[in-house]
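In what follows, a structure is listed as structure tokens, so that the remarks can point back to it.
Values in this text are rule-based calculations from the coordinates and carry no lab data. Predicted, not measured: the structure shown is a model, and the values here were computed from it. So basically every Cβ, Gly included, is an ideal-geometry build from the backbone, and we count neighbours across all protein chains shown.
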Amino acid sequence: QTAQTNWGELIRAAATNASLKHAYWPEIERVVAEQIRSARMGLGKGAWQLFVEDGEMKMYRREVEEDGLVVDPLKATHQVKGITGRELCHYFFYPEYRYDWEGTLETMNVIDKIAEDTILFHQIHKRIWPAAQRDATFWSHLTHVPDEENKSEDSPHLWATVNSSVELPSHPPNGGKQVRIYLTIILMGQTIISPAAKGREIKRDDITCKITYCAVVNPGGWAPSSVLRAVYKREYPKFLKRFTAYLFAVSAARPRVF
Ligand code: 18C
């Protein structure tokens, strides 16, 4: 799709009525469109440095500080055989699976299930000693848009889950013991079907999921840059490996979900 692609229109077309009617919708549409656009852009000319490479998994970051706080944007790409983009986003989005794969979690609460495709969360994350514990409040939206680069009958869509911080009067920042972090995250998946499967029934072996994960996390309160960067370097690969291994385990036994 060209730079002119109206992502907002495509995201709106996929959304449930309950999401479209919600006060958050204009923001959700704007942020999701922006996240899909930048996730699809590849590395472009930005100053992305490769900092982790492990098989198909590659992680890049840009060093950025705001008010003395490290907020390095992360962009990761990966490829996993045997799962679809829809499965990738399904297990990332729905709360019932989160404790199975999210290793940084202390507690997760659904504050409001706005719709089948939009959920509000409050999460408390594990503490990294001696820093203060962190929490986050964010909406999460699951969407799919036509994938012009990979048109096939079985995988006409590019799937994405976007998480983005939101202020909730019921959960004011720094109200409890935790320091509030601010995040904007997209997990995007495209299903690629092997040309060898043309004309016959597609098996799990014939599919590969191309994954893009982009994250910007503002730690909210001061922490030494070197410690933060060390945490990023350890936690992001850990997440992507653990999550894809989990997906592989849960989906192998099940029929494909396109
Ligand atoms: O995208 C991911 N998960 C989603 C669903 O949970 C969601 C949440 C993202 C929040 C990530 C931020 C978590 C910070 C908590 C501190 C780390 C705890 C480590 C525990 C070690 C036992 O979108 C997958 C997220 C993958 C993990 C990303 C880690 C990013 C680190 C950010 C650090 C922020 C400040 C920590 C302060 C510590 C200072 C030394």
**OP:** Go through 88-98, 49-59 and give me the packing order, highest mean Cβ count within 10 Å leading.
**Re:** 88-98, 49-59
Original post:
Which of 70, 217, 110 moves most in a GNM of the chain, Cα contacts under 10 Å?
Top reply: 110
**OP:** Would you mind classifying segment 1-130 by shape? Square roots of the alpha carbon gyration tensor eigenvalues, ordered a ≥ b ≥ c; an a/c under 1.5 is rounded, otherwise it is prolate if a/b is larger than b/c and oblate if not.
**Re:** rounded
**OP:** Could you pull the Cα extents of the chain along its three principal axes, largest to smallest, in whole Å?
**Re:** 58, 43, 39
**OP:** Would you mind getting the Kirkwood hydrodynamic radius of segment 72-168 from its Cα pairs, rounded to one decimal in Å?
**Re:** 15.3 Å
**OP:** Could you tell me which helices of the chain pass both thresholds, a Cα extent of 15 Å or more along their own axis and a mean Kyte-Doolittle hydropathy of at least -0.5, with helices taken as whole DSSP H runs?
**Re:** 225-252
**OP:** Any chance you could list the semi-axes, whole Å, largest first, of the equivalent ellipsoid that the Cα gyration tensor gives for segment 180-258, using √(5λ)?
**Re:** 36, 12, 11
Subject >> residue 104 paired with residue 13, simple spin-label distance in nm, labels 7 Å along Cα-to-beta-carbon >> reply: 3.4 nm
Subject >> Nearby lysines by direct alpha-carbon distance to residue 113 (threshold 20 angstrom, same-chain neighbours under 8 apart not counted) >> reply: 21
Subject >> ³J(HN,Hα), Karplus 6.51/-1.76/1.60, whole Hz, each residue of segment 108-123, x for Gly, Pro >> reply: 10, 10, 7, 7, 7, 8, 5, 6, 4, 10, 9, 10, 9, 10, 10, 10
Subject >> Reachable lysines, given that their alpha-carbon falls under 21 Å from the alpha-carbon of residue 241 and they are not under 8 places away in the same chain >> reply: 58, 75, 81, 126, 210, 233
